[in-house]
Amino acid sequence: MSAPRFMRAVRITGHGGPEVLESAEVAVPAPRAGEVLVQVGAVALNNTDLWTREGAYGRPGDPKAKSGWRGPIDFPRIQGADVAGRVVAVGTGVEGSLVGRRVVVDPAIYDTDGPDANPVGLMGSERDGGYAEYVAAPVERVHDVTESPLTDDQLAALPTAYGTALGMIERGRLRKGETALVSGASGGVGLALVQIARARGARVLAISSGTKIDAVREAGAHEVIDRAGDVAEQIRTAAPEGIDVALDVVAGELVGEGLPLLCEGGRWVIAGALGGYDVTFDVRRLYLHNAQVVGSSMHTPTHFDLLMDLARRAEVQPAVAATFPLDQAAQAQEELARREHVGKIVMHP
């Protein structure tokens, strides 16, 4: 297999609205030593795409500063963290037998080489990503899923959303028989949390609203809390003995309202701030009840290995809400920003 010299890509030229997304013809990346070149079959969208484009991550000491995921971004930057495709070329030091294999790319850039390393960068932010026909990636971040019955669209839906969900569940030490609360349950990470927590044998309470409630229940939630009502009171009724682990991508006022609902030794795991990053809570609810608030950013290499095992056995079934061609990246991001869908939005180069 071989690749052409040039490819179509969509990149951001700076922070801003959808207008900063531009289509371009650029050179196909040449895989360096220890890398492979992947022909992109599908690339999924994430909230990280929106926040990276907008520069919405802030910086330590300046939460409103324009910034990428972990700091300044080099522009232009090809977005797209979640890639499924096939290996078409390898760099020096990489086994040629990988060529032709169907793969998923772990988009994380880690702080060390160990199995429990933490992500400090992201494909599509700190390096070019999959809004393109081809993407280069380190061979140790490329996972062979040739035998998986999942489609390319479903596989592309896994890395960030399901990786983040699995990281939250692992860091929250969710065990069989415990009660888990999932916020933002109709989003990509939320649906992944519902599916994986249910598969772990937990009792799953999910927060959603409107027409999305049925889809969240179908994903595996035992009970759905209507976000339009009194959330705290509904949780008390559904789980009178308390929540063991909260899996939260919303934050905001929910943290202060929800911490008193944790049982003894409960864990509140936060991996997003859709409801606001400025949080206030009664710290006595932590130390008097041996509770924990845990920050969780994506996954470790060990978590991602577990996720790929689930993918090979099709033990998770990502929902794909819509597909777009690559040249409609701006429209796809606008659809994502409206948050009217359930599941993942995917683009095809």
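The values are calculated or read from the model by the stated rules, or taken from the named source; none is laboratory data. Remember, predicted model here, so these are calculated numbers, not experimental data. Neighbour counts are summed over all protein chains in view; Cβ atoms, including those assigned to glycine, are modelled from backbone coordinates with ideal geometry. Side chains included, ligands, DNA and RNA excluded: accessible areas come from the protein's heavy atoms. Shrake-Rupley method; radii C 1.70, N 1.55, O 1.52, S 1.80 Å.
The table that follows gives values for the structure above.
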item: Out of 38, 28, sole residue that is modelled with pLDDT of 95 or more, farther than 28 Å from residue 186 by Cα and within 21 Å of the chain's Cα centre (by Cα); result: 38
item: Residues satisfying the stated conditions in region 118-139, i.e. open to solvent by less than 10 Å² (accessible area, probe 1.4 Å), assigned to a loop (DSSP other than H, G, I, E, B) and over 23 Å from residue 99 (Cβ atoms); result: 124, 125, 131
item: The lone exception for residue 149 - which of (1) of a type outside the set (S, T, N, Q); (2) in contact (Cβ under 8 Å) with a residue 12 or more places away in the chain; (3) in contact with a Gly (Cβ under 9 Å, 6 or more places away or on another chain); (4) surrounded by fewer than 21 Cβ atoms within 10 Å (Cβ to Cβ) it fails; result: (3)
item: Single residue of region 332-349 satisfying the filter (open to solvent by 60 Å² or more (accessible area, probe 1.4 Å) and touching a residue at least 40 places away in the same chain (Cβ under 8 Å)) that is nearest to residue 43 (Cα to Cα); result: 348
item: Candidates 188, 201, filtered to the one that is open to solvent by 10 Å² or more (accessible area, probe 1.4 Å) and under 17 Å from residue 345 (Cα atoms); result: 188
item: Near pairs, Cβ below 6 angstrom, 6+ apart or cross-chain, from region 266-291 (within 19 Å of residue 59 (Cα to Cα) and in contact (Cβ under 8 Å) with a residue 12 or more places away in the chain) to any residue that is in a strand (DSSP E or B) and open to solvent by less than 60 Å² (accessible area, probe 1.4 Å); result: 270/248
item: When residues of region 302-319 are limited to those that are more than 12 Å from residue 164 (Cα to Cα) and open to solvent by less than 20 Å² (accessible area, probe 1.4 Å), the one modelled with the lowest pLDDT; result: 316
item: Some residue of region 61-82 being in a strand (DSSP E or B), of a type outside the set (D, E, K, R) and in contact with a Leu (Cβ under 8 Å, 6 or more places away or on another chain); result: no
item: Residue within region 53-63 that is in contact (Cβ under 8 Å) with a residue 24 or more places away in the chain, among the basic types (Lys, Arg), closer than 27 Å to residue 345 by Cβ and out of contact with any Gly (no Cβ under 6 Å at 6 or more places or on another chain) present; result: yes
item: Residue check for residue 170: within 30 Å of residue 103 (Cβ to Cβ), in contact (Cβ under 8 Å) with a residue 24 or more places away in the chain, open to solvent by 30 Å² or more (accessible area, probe 1.4 Å) and over 22 Å from the mean Cα position of the chain (by Cα); result: no
item: Extreme residue, nearest to residue 63 (Cα to Cα), among residues of region 243-254 that are open to solvent by less than 10 Å² (accessible area, probe 1.4 Å) and hydrophobic (A, V, I, L, M, F, W, C); result: 251
item: Condition met for residue 25 (out of contact with any helix residue (DSSP H, G or I) (no Cβ under 7 Å at 6 or more places or on another chain), in a strand (DSSP E or B) and surrounded by fewer than 13 Cβ atoms within 10 Å (Cβ to Cβ)); result: yes
item: Search result, residues across region 255-274 that are over 17 Å from the mean Cα position of the chain (by Cα) and buried (at least 18 other Cβ atoms within 10 Å of the Cβ); result: 255, 258, 259, 261, 262, 266, 267, 268
item: Leading residue by the ranking (modelled with the lowest pLDDT) among those in region 83-112 that are part of a loop (DSSP other than H, G, I, E, B) and of a type in the set (S, T, N, Q); result: 112
